[in-house]
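As structure tokens, the structure follows; a few thoughts come after it.
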Amino acid sequence: MGVRRLTTTAGRMALAGVFLKGGWDAFRDPGGRPIAVEKAGLPDPELLVRANGAAMVAGGVALLTDILPRTAAAGLIVSLGATTVVGHRFWDIHEEPARAQQTTQFLKNLAIIGGLVIYLGIPNA
């Protein structure tokens with residue numbers, strides 16, 4: 001296995017973990033997540049949270065197992081993008097440390113999206 005293939009595999013596996021864990025948690029127990037979805041004006045917040053969690057798990061499994069990994073990465077970009085914009089609206093929060101916490105989560109998700117975008121551009125990934 002060449003260095004490029006090894007690093008691509010390692011990166012793919014690292015990216016998969018966050019979606020497997022976070023997606024499963026959201027699917028199994030939406031917790032307070034539907035509140036943010038409701039505030040965004042979207043219908044059936046709990047169903048949307050669970051569906052997004054299931055999509056993340058499916059995308060994570062696809063990345064982990066190298067089944068249609070580019071399609072999985074593209075789907076995860078959409079899923080995580082929606083989660084980020086709806087769930088981490090730091091610009092609507094004026095109290096610290098809540099604003100700082102949401103800013104950090106927003107930027108962390110943006111970094112993960114960046115990793116997925118890079119993965120899309122890797123030849124023969």
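For THR9, put the label point 7 Å out on the Cα→Cβ axis and report which residues of the range 103-123 keep their amide N under 19 Å from it.
119-120, 122-123
Which distance in nm do the two modelled labels at ALA74 and GLU38 give, with both placed 7 Å along the Cα-to-Cβ direction?
So the two model labels end up 3.6 nm from each other.
Taking only Cα atoms, what is the 0 to 90° angle, nearest 10, from helix 69-87's long axis to the longest principal axis of the chain?
Between helix and principal axis, roughly 20 degrees.
What's the carbon and sulfur percent of the chain's accessible surface, probe 1.4 angstrom, rounded to a whole number? Mind showing how you got there, number by number?
Working: 4970 of 7300 Å².
Exposed carbon and sulfur together represent 68 percent of the surface.
Between 0 and 90 degrees, rounded to the nearest ten: what's the tilt of helix 45-65 against the longest Cα principal axis of the chain?
The helix 45-65 is inclined about 10 degrees to the chain.
Taking only protein heavy atoms and a 1.4 Å probe, what accessible area per residue, in Å², does the chain have with all protein chains in place? Working shown, then result.
On the way: 7300 Å² over 125 residues.
Roughly 58 Å² per residue, with all protein chains present.
The values are calculated or read from the model by the stated rules, or taken from the named source; none is laboratory data. Everything numeric in this text was worked out from a predicted model, so none of it was measured. Neighbour counts run over all protein chains shown; Cβ positions are idealised from the backbone, glycine included. Each accessible area value is taken on the protein alone, full model and side chains, heavy atoms only, with ligands, DNA and RNA left out. Shrake-Rupley method; radii C 1.70, N 1.55, O 1.52, S 1.80 Å.
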